[in-house]
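In what follows, a single structure is set out as structure tokens and then discussed.
Every number in this text was worked out from the coordinates using simple rules, so none of it is lab data. Everything numeric in this text was worked out from a predicted model, so none of it was measured. Using ideal geometry, Cβ is built from the backbone for each residue, glycine included, and neighbour counts are taken over all protein chains shown.
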2 protein chains.
Amino acid sequence: MAQAVYGYHLYLEQAKPHIKKARLYKSGMTSELRRAEEAIDSALSGRRTAVISGGDAGVYGMTAAVFEVLAARGIDLGRADGQLRVKVIPGVPAVVGGAALLGSPLSNDFCAISLSDRLTPWDLIEKRLRLAAQGDFVIGLYNPKSKLRDWQLARSAEILLEYLPPETPVGLTDRIGRAGQAVSLITLSGLAQAPVDMQTMIIIGNQSTFVYRGLLVTPRGYVNKYGLKDRESPKKEMENAD
Amino acid sequence: MAQAVYGYHLYLEQAKPHIKKARLYKSGMTSELRRAEEAIDSALSGRRTAVISGGDAGVYGMTAAVFEVLAARGIDLGRADGQLRVKVIPGVPAVVGGAALLGSPLSNDFCAISLSDRLTPWDLIEKRLRLAAQGDFVIGLYNPKSKLRDWQLARSAEILLEYLPPETPVGLTDRIGRAGQAVSLITLSGLAQAPVDMQTMIIIGNQSTFVYRGLLVTPRGYVNKYGLKDRESPKKEMENAD
């Protein structure tokens, strides 16, 4: 049981009902590094310390800041004095939570790309968008827009439209698993003007992705390769495990 | 509560202790399509039916087969007679479960690529490997090898070595969360000969990924951009939420 829990205030509020006795240390959206440093100081002082993230901590979450600080400070990992035991608990990344709401968009090779150029040069993000589109990857876009970053999504849509048809289906999921959860389908031609913010997860289909009854489906190709079974044949006996 | 549960026998065995009363229908590794069809028949017959996958059902899991069959058979989704209500419950994909064991390898843009050419032409897989390497994506490789597919991993390693340095760190995770779980670190130069099978998840670092105390860390760049806080300054008061 953690004695101290560090996190972005929105996520700490969500987690609060599940936290019994720990002290909570909340911080703002761009303070990942200080949060990680303070959490590590807390752990070095002997307190069992947790750092929480939205989605999965390892996918654009807090594990990067924590491990960067551990490495920069040369902190040993282990059970001896002055060492820390660090455990990463995996979760459901936003791209996967969004996919579940959309149907089956991620069921072939995919990329996750963050449109935040706070720490990654924009040129590299553009390059990755181009390569992902050329490879016919399904593309999950994280962090599409914030108050200070208002042109990156439109520029990304423009780049993707150089490679992908305008009718490529796109799923938008908002506030996954939280109050205000919303799902909508658009096409790539409407992406530049789509109403999104930092809480929106965008999934862009590949060239096989289709819309079925309001859901996104990226086929693996089972039906195409093997065909449906003969519906008239007597039902085959199924193995029953119990 | 499901009345019928369909799945690959290995996963059904794992899930069995958590299943109370349902009938279990287990099937083999390459029978995804028939499994999906039978599960849909079961649901259409009025039984509450679950289909289980390893990892997340939407990432190389059973959602593709299920939605392909629903679409091919034109089955309506909804609550009326002859319609089905389908809900996808997200999980932890193997690439994320593996990442948690490895430290923080996925903390920048990444791709997931399956090396199975059963349903995807090998040329397209090669193309994706080349593009992912050129984009400096972290790369998660699913389904690296099976009894019938024994050369794809070595060929993939050869391709990646055209773009990435041989000392690129690579994490191997086996049987994540199951008996026999194992983690090891190698470099790209050793990937072709690495001991892997269908249960192995491979994560290949990007050009920034480094090894720290036996773990893989892909930095976001926090420390590089903002620097560590002055360790001599008085500890700043932290906000306490409770």
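Here are the numbers for this structure:
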item: Sorted by Cβ neighbour density within 10 Å, fewest at the top, the residues B:168, A:30, A:209; result: A:30, B:168, A:209
item: Whole-number D in µm² s⁻¹ for the protein assembly as shown, Kirkwood Cα-pair radius fed into Stokes-Einstein, 4 °C, 1.567 mPa s; result: 55
item: Residues of the range A:117-144 with amide N under 15 Å of a point placed 7 Å along Cα→Cβ from residue B:127; result: A:130-138
item: Which of B:10, A:33 has the fewest Cβ neighbours within 10 Å, and the rest in rising order; result: B:10, A:33
item: Approximate spin-label separation residue B:225-residue B:187, in nm, with each point projected 7 Å along Cα-to-Cβ; result: 3.0
item: Mean Cα-pair separation over length for chain A, i.e. relative contact order, pairs under 8 Å, 6 or more apart, %; result: 15
item: Globularity ratio of the range B:4-72, using Cα Rg and 2.2 N^0.38 Å; result: 1.02
item: Top of A:160, A:106, A:70 by mean-square fluctuation, Gaussian network on chain A, Cα under 10 Å; result: A:70
item: Label spacing, shortest first and in nm, from residue B:3 to its equivalents in the remaining copies (7 angstrom along Cα→Cβ); result: 5.3
item: Expected 222 nm ellipticity per residue - DSSP helices of 4 or more, -39500 (n - 2.57), all of chain A, to 500; result: -8000 deg cm²/dmol
item: Residue order, fewest to most surrounding Cβ atoms within 10 angstrom, among B:175, B:220; result: B:175, B:220
item: P(r) histogram, all alpha-carbon pairs of chain A included - 10 Å bins from 0, percent; result: 7, 26, 27, 21, 13, 5, 1, 0
item: Gyration tensor (alpha-carbon) shape descriptor, the range A:116-156, a/c threshold 1.5; result: prolate
item: The range A:17-75 - percent relative contact order, Cα under 8 Å, separation 6 or more; result: 31
item: Within a Gaussian network of chain A (alpha carbon springs, distance under 10 Å), most fluctuating of A:140, A:58, A:46; result: A:46
item: Most fluctuating residue given options A:110, A:67, A:210, as computed from a GNM of chain A linking Cα atoms under 10 Å; result: A:67
item: Kirkwood-Stokes translational diffusion coefficient of the range A:28-128, alpha-carbon pairs, 10 °C, 1.306 mPa s, µm²/s; result: 101
item: Hull-based mean projected area of the range A:94-221, where the convex hull spans the alpha carbons, in square nanometres; result: 7.2
item: Whole-percent pair-distance distribution, where bins are 5 Å wide, for the alpha carbons of the range A:124-187; result: 4, 14, 24, 26, 18, 10, 4, 0
